[in-house]
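J.: A single structure is presented below for examination.
The values are calculated or read from the model by the stated rules, or taken from the named source; none is laboratory data. It should be emphasised that the depicted structure is a prediction, and the values quoted were computed from it without experimental measurement. Using ideal geometry, Cβ is built from the backbone for each residue, glycine included, and neighbour counts are taken over all protein chains shown.
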Amino acid sequence: MHFDFSFEQRTLAESVAKILKSFPPVTQAAPYPYDAGQPMKALAALGLFGEGEEGSPLGHTDAVAVAMEAGRTIVAAPVVEALAVAVALSGSRPDIASRLAAGEVPGVAVSGGIERIGGELSGEAIVPHGAAAGFLLLPVAGEGARDWILVEPGDVEAAPVETTDITSGAARLKISGLPAPAAGNGADGMDRALRLFALAEIVGAADACLERTVAYISERKQFGKPIGSNQAVKHMAADCAVSLEAMKAAVEYAGWALDEAQEDTAAAEEASLALLSAASYVGEHGRRVAERCVQMHGGIAFTWDYGLHLPLRRILFRTATLARMRDGREGLAAHLLD
Amino acid sequence: MVDVSFTPEQNAFRMRLRGWLAENLPPDWGGPRFMGPDDDAENAPFQTDWERRLYAAGYQGIHWPKAYGGQGLTLVEHLIASEELGRVSAPEGINTLGKELVGPIVLALGTEEQKKTVIPRMLRLDDIWCQGFSEPDAGSDLAGLRTRAVRDGDHWVVNGQKLWTSFAHHANKCILLARTDPDAPKHKGLTLFLLDMKTPGVTVRPLRQITGRSEFNEVFFDNVRIPLDAHLGAVNEGWNAAVGVLGFERATARFYRQSRFTAEFLQLIASLKRRSDKAADPWFRQRAGALLAELRMHRLMNLKVASRVVNGREIGSEASVVKLFWSEMHQRIMDFASEIFAEDFVLDLPEAERFRFLYMHIRAETIYAGTSEVQRNIIGERMLGLGR
């Protein structure tokens, strides 16, 4: 029993944090001025995604630690998406592994619907950092099982799309009658990894929001004393701290449970419940913490330049696309009631 | 690595206890009769007998040293046993304050003599303990308590009044927090004592509580003379001692709640399933899912606490985090019950009896052992470092 990140995992997370923090802080809105390629190259150079075709050495729990750092920094790069590809696909797909390891930006659909009809793909998808993507991975439904399929950016039409998360660099892909490549690698592992790391990113972002807020309410004085010494504010901060303890435990545990499920199919149901529970809880409380952090700050948080809206926007984007509490709860209800 | 698994020995320990419980729980346990006999006079011997059998089978004092009658195992086995007892909603003991509060304080602060006398007698149910801390004017502001203990030759003389003293009407022993230096700042002049409830001058008056039952009491001390060596830990240093141990205990003593709450929740789910219109209703489905997720978060928090302790780390404000989390969650579970049973929640439907009772009973959980407001202060001030 050691329910905590190991020394190695902490060291890894610290190295990632150092890299992510070396990129200029995101402070501006569109037009999208950020080069997602640089952070991805730096993370690849760290060895996060393995060498050549060998695949990433990361497990789910390691990736949870890294995704939390991505949330803390709000870097303009698809770190969550890259981690999902690394953990769920790179081991079995040398072609994908080598491109990820070379620092290509993965364009992973987080919303939309693409169908395979006959031998052709059609539909739409939202892809963070779509314009910078070196390769695309799209979830495809239709005949047979749902699947993740590798598509080349040159083969599809991509247009920038304005989203709440101004740092997401999202593009809307339109696909019509694209000849479908051979089957990909099954949907479950990639779906789960993507959802889990999105949840972990939310937790990291909420954690950083609270950290910043606690510092602010300890300094900011009204009526001659720090606002954080007032119980109304202090108790709001305490509630956020409680939510964060639960959220951290939820994503760490879900990471462990998914790692266990790789080797032991009996552990698969527990992993599935762990992930649904994390979505149910983090899907509600991640954004709630960030919203309360805005409230505790007061007017300053409402200004663009203070930047507290950036983690809030990232959390909202992740929650609405990959971490909906309603889906988590319905999944748990189905387990209990059906 | 993150490792949330149990060893094969720990899993075997769990299965042994599970088997023992299947054979030893009272007949029909798991039916509507979850709370034991309603009548306190019948319930007390029932609870005593249950705890003695648990002890005889080796399932009490699990992480306490063997030298004092414990099992010498770790907090992980304690957590496992708590989960198994909670899972079947096993009878709650009569000596819980002894085991959750007095035992740990004595083990941490007591003299060798005190450990050897108090702990084995407690585990055998030779002594039943109550806790004399709160007073009419010292609740959340516990350190403002006024009960005095004054040295008089080879005795201490105690005068004052305690309130909310659970089990005092069954207890023959009491752990008392009293003021021994009225001139010192209020946190500095307090001392812990262990005393016999049969000492002349001790009067117990039961209080009827919100549920209609009487489980707690007022206790009056009128020139109660106790031996000079009856103090636990150093004189005038009772506050830090009590607070330190209480913090740890708040986090570890009641692991069983999580699985007990889960058992209650699963019983509710069975009731929900019997009402097929509601079981298909998205509102009920969403609430059911949300509460299962919270119950699972509660378990993860307990596992984290156990993991921290067995890996040699300290427990701090985590205790307040967990207590705040479960107490408010438990009340939300009863809100859910009231929606499932609708008018039957307040009428006489036997299926709803357990939850009707619990709804009232657990109003106490966000009040005792530090109110939710006190917990939020502790989290805000000690964990986040916010000013007072």
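J.: Please enumerate the residues belonging to region A:293-338 that are free of Cβ contacts under 8 Å to residues at least 60 places away in the same chain, over 26 Å from A:L194 (Cβ atoms) and touching a helix residue (DSSP H, G or I) at 6+ places or on another chain (Cβ under 6 Å).
T.: Within region A:293-338, A:V294, A:A301, A:Y306, A:L337 meet the criteria.
J.: Looking at region A:90-104, which of its residues are of a type in the set (G, A, S) and under 19 Å from A:G37 (Cβ atoms)? Break it down into steps so the answer makes sense when it comes.
T.: If we filter region A:90-104 for residues that are of a type in the set (G, A, S), which is where we start, we get A:90-92, A:97-98, A:101-103.
Within region A:90-104, A:S90, A:A97, A:S98, A:A101, A:A102, A:G103 meet the criteria.
J.: Testing B:I62 on (1) over 22 Å from B:D40 (Cβ atoms); (2) touching a residue at least 40 places away in the same chain (Cβ under 8 Å); (3) within 18 Å of the chain's Cα centre (by Cα), one condition comes back false. Which one is that?
T.: (2)
J.: Residues in region B:49-57: is at least one charged (D, E, K, R), at negative phi, out of contact with any Asp or Glu (no Cβ under 7 Å at 6 or more places or on another chain) and within 14 Å of chain A (Cβ to nearest Cβ)?
T.: Within region B:49-57, none of the residues are charged (D, E, K, R), at negative phi, out of contact with any Asp or Glu (no Cβ under 7 Å at 6 or more places or on another chain) and within 14 Å of chain A (Cβ to nearest Cβ).
J.: If you go through region A:127-184 one residue at a time, how many are over 17 Å from the mean Cα position of the chain (by Cα) and assigned to a loop (DSSP other than H, G, I, E, B)?
T.: 14
J.: Quick check on region A:211-240: of everything there that is among the basic types (K, R) and within 8 Å of another protein chain (Cβ to nearest Cβ), which residue is nearest to A:A67 (Cα to Cα)?
T.: Looking at residues that are among the basic types (K, R) and within 8 Å of another protein chain (Cβ to nearest Cβ), I get A:K234.
J.: Oh, and also: So the check is Cβ under 6 Å with 6+ separation or different chains; which pairs have a first residue in region B:231-252 that's closer than 16 Å to B:R382 by Cβ and a second one that's among the basic types (K, R)?
T.: As it stands, the answer is B:R250/B:K323, since those pairs meet every condition given.
J.: Determine if region B:3-23 includes at least one residue that is β-branched (V, I, T), farther than 24 Å from A:F3 by Cβ and touching a residue at least 40 places away in the same chain (Cβ under 8 Å).
T.: First, the residues of region B:3-23 that are β-branched (V, I, T): B:4, B:7.
Add one more test, that the residue is farther than 24 Å from A:F3 by Cβ, and what stays is none.
Within region B:3-23 (the criterion being β-branched (V, I, T), farther than 24 Å from A:F3 by Cβ and touching a residue at least 40 places away in the same chain (Cβ under 8 Å)), the answer is no, since none of the residues qualifies.
J.: Just to be sure before I move on: is A:S243 closer than 30 Å to A:F302 by Cβ, of a type in the set (S, T, Y) and at the interface with chain B (Cβ under 7 Å from one of its Cβ atoms) in the structure I sent?
T.: Here the answer is no, as A:S243 does not meet what is asked.
J.: Okay, moving on. How about region A:129-150: which of its residues are in contact (Cβ under 8 Å) with a residue 60 or more places away in the chain and surrounded by 21 or more Cβ atoms within 10 Å (Cβ to Cβ)?
T.: Result: A:H129, A:A132.
J.: Against the conditions (1) farther than 26 Å from A:V203 by Cβ; (2) surrounded by 24 or more Cβ atoms within 10 Å (Cβ to Cβ); (3) touching a residue at least 60 places away in the same chain (Cβ under 8 Å), where does A:E120 fall short? Just the number, please.
T.: (2)
J.: Of all strands (runs of 3 or more DSSP E) completely enclosed by region B:158-272, which ones contain at least 3 residues that are under 24 Å from B:A41 (Cα atoms) and more than 14 Å from chain A (Cβ to nearest Cβ)?
T.: The qualifying strands (runs of 3 or more DSSP E) are B:173-179, B:202-207, B:216-227.
J.: Now for a different question. Would you pick out the residues in region B:341-388 that are among the acidic types (D, E) and more than 14 Å from every other protein chain (Cβ to nearest Cβ)?
T.: B:E343, B:D344, B:D348, B:E351, B:E353, B:E365
J.: Taking the options A:L332, A:L276, name whichever one is in contact with a His (Cβ under 9 Å, 6 or more places away or on another chain), crowded, with 21+ Cβ neighbours inside 10 Å and modelled with pLDDT of 95 or more.
T.: Working: A:L332 fails: in contact with a His (Cβ under 9 Å, 6 or more places away or on another chain).
The conditions single out A:L276.
J.: Could you grab me the full set of residues in region B:1-31 that are more than 12 Å from chain A (Cβ to nearest Cβ), surrounded by 15 or more Cβ atoms within 10 Å (Cβ to Cβ) and not in a helix (DSSP H, G or I)?
T.: Scanning region B:1-31 gives B:L25, B:W29.
J.: I want to confirm something. Restricting to region B:273-291 and keeping residues that are in contact (Cβ under 8 Å) with a residue 12 or more places away in the chain and within 10 Å of another protein chain (Cβ to nearest Cβ), which single residue is surrounded by the most Cβ atoms within 10 Å (Cβ to Cβ)?
T.: B:A288
J.: How many residues does region A:257-268 contain that are within 10 Å of chain B (Cβ to nearest Cβ) and out of contact with any Asp or Glu (no Cβ under 7 Å at 6 or more places or on another chain)?
T.: 2
J.: Taking interchain pairs and intrachain pairs at least six residues apart, which have beta carbon atoms under 6 angstrom, with the first residue in region B:123-150 and in contact (Cβ under 8 Å) with a residue 60 or more places away in the chain and the second of a type in the set (D, E)?
T.: Note: pairs meeting the criteria are B:L125/B:E51.
Okay, residues lined up against (1) aliphatic (A, V, I, L, M); (2) surrounded by fewer than 21 Cβ atoms within 10 Å (Cβ to Cβ):
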residue: A:A182; (1), (2): yes, yes
residue: A:D188; (1), (2): no, yes
residue: A:L196; (1), (2): yes, no
residue: A:Y216; (1), (2): no, yes
residue: A:A232; (1), (2): yes, yes
residue: A:A254; (1), (2): yes, no
residue: A:L258; (1), (2): yes, no
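J.: If the requirement is being in contact with a Gly (Cβ under 6 Å, 6 or more places away or on another chain) and over 22 Å from A:Q38 (Cα atoms), which of these qualifies: A:A171, A:A132, A:A141, A:A125?
T.: Criteria check complete, one pass: A:A125.
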